[in-house]
Amino acid sequence: MAIAGFAPPRAVWCEAAPRAAGGRGKREYGIVGMPSDVDARRYYRIAYQRLEDGELMLGKLDRPKGAVYLTGYAVECILKSLLLATTPRSERGEVLRLFRGAGAHDIIWLKSQLAARGVVVPPGVASELAYVATWSVELRYEPGAGDRDEARRFLRASRAVVAWADGRM
């Protein structure tokens, strides 16, 4: 049965994380992961939708600040998906409740929650995550188009974090 607005996992070319980031350091063809937990799967799907939205916003509409804003949500959602995927079923309800507060948009907080569950971010990805952690939902209140080069850098860092987190599920 098809789910509206959802494309199932498919074989795609994936840019593997560089060796320094704990990956194999090469392009490979494979199936993109999909968490088994329903809530983790929802955040996973949203992450990829927001990543695509951000890329379209920059590439087609030339709206750098909007691209960064949407792509920041992609990173937030993939980290939430990974957090749920690495949390015992009995504790997932509590984790979902923690996602309701303003602090749940904080990339550093999400990283610390992952670390508490034994998920270690490799150095190469950690530097990209630190860059992305400058993102805030408050960006929605900042006027102006934004800087294209900064947006491109943010999208590159975000793709690296999403690819790493996806590979952990």
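Structure above, values below:
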{"read-out": "Ranked list, fewest to most other Cβ atoms within 10 Å of each Cβ, for M169, M34", "value": "M34, M169"}
{"read-out": "Residue order, fewest to most beta carbons within 10 Å, for Y69, Y44, Y141, Y131", "value": "Y141, Y131, Y69, Y44"}
{"read-out": "Per-residue Cβ neighbour rank within 10 angstrom, fewest leading, V137, V121, V38", "value": "V38, V137, V121"}
{"read-out": "Shape box of the range 34-167 [Cα atoms, principal axes, largest first, Å]", "value": "44, 29, 25"}
{"read-out": "In nm, spacing of pseudo-spin labels at L61 and A102 (7 Å Cα→C-beta vector)", "value": "2.6"}
{"read-out": "Loop sites in the range 62-142: trypsin sites (Lys or Arg not before Pro), DSSP, at most 10 other Cβ within 10 Å", "value": "R100"}
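A short reminder: the numbers here are calculations on the coordinates, not readings from a lab. What you see is a predicted model; the values in this text were computed from it and never measured. Here Cβ is always computed from backbone atoms with ideal geometry, including for glycine, and neighbour counts include all displayed protein chains.
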